[in-house]
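First up is the structure itself, then whatever we jot down about it.
The values are calculated or read from the model by the stated rules, or taken from the named source; none is laboratory data. These numbers come from a predicted model, not from an experiment. All Cβ positions, glycine included, derive from the backbone under ideal geometry; neighbour counts span all protein chains shown.
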Amino acid sequence: MINGELYFTTKMKKLKNVHPGDILKEDFLDEMKITPYALAKAIGVDQTRISQLIRGTRSMSADTALRLGKFFNVTPEFWLNIQTRFDLEEEKEHNKEYDNISPYKLT
């Protein structure tokens, strides 16, 4: 503490970007004790689609969001918003080109 103010000298660790498949697995499948196979069968998709989502190798499509929304009684936007947030964070993290863009200024 310096002059009554608290200073932190350690750099905060950046949290892992959360893929919709992480949410699907941890907050839905694991919590409800549903297997990826059972989910795939219940929503009428190939098990590969669910497995790829869980592994983070597949993006959440509108079709999958609609199916998951109906099955879990949440909005499809819930799933698509997670995907959009994930995509934006990934792009910002891996493409520094955006740092070179300046906002337009009215003259």
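Just to be sure, is F28 among the hydrophobic types (A, V, I, L, M, F, W, C) and either touching a residue at least 60 places away in the same chain (Cβ under 8 Å) or closer than 29 Å to H94 by Cβ (or both)? If you could, list the steps in order and put the result at the bottom.
On the way: among the hydrophobic types (A, V, I, L, M, F, W, C): yes; either touching a residue at least 60 places away in the same chain (Cβ under 8 Å) or closer than 29 Å to H94 by Cβ (or both): yes.
Yes.
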- Residue check, L53 against (1) farther than 19 Å from M32 by Cβ; (2) surrounded by 17 or more Cβ atoms within 10 Å (Cβ to Cβ), all met but one. Which one? (1)
- Item | Count of segment 60-87 residues which are touching a helix residue (DSSP H, G or I) at 6+ places or on another chain (Cβ under 6 Å) and small (G, A, S) | 2
- Task: Starting from segment 78-93, take each residue that is farther than 22 Å from F28 by Cβ and list its partners that are at pLDDT below 95 and in a helix (DSSP H, G or I), counting only C-beta distances under 9 angstrom and pairs at least six apart or across chains.
- Result: E91/Y98; K92/Y98
- Task: Identify the single condition in (1) β-branched (V, I, T); (2) surrounded by fewer than 15 Cβ atoms within 10 Å (Cβ to Cβ); (3) under 26 Å from K14 (Cα atoms) that T48 does not satisfy, given that it satisfies every other one.
- Result: (3)
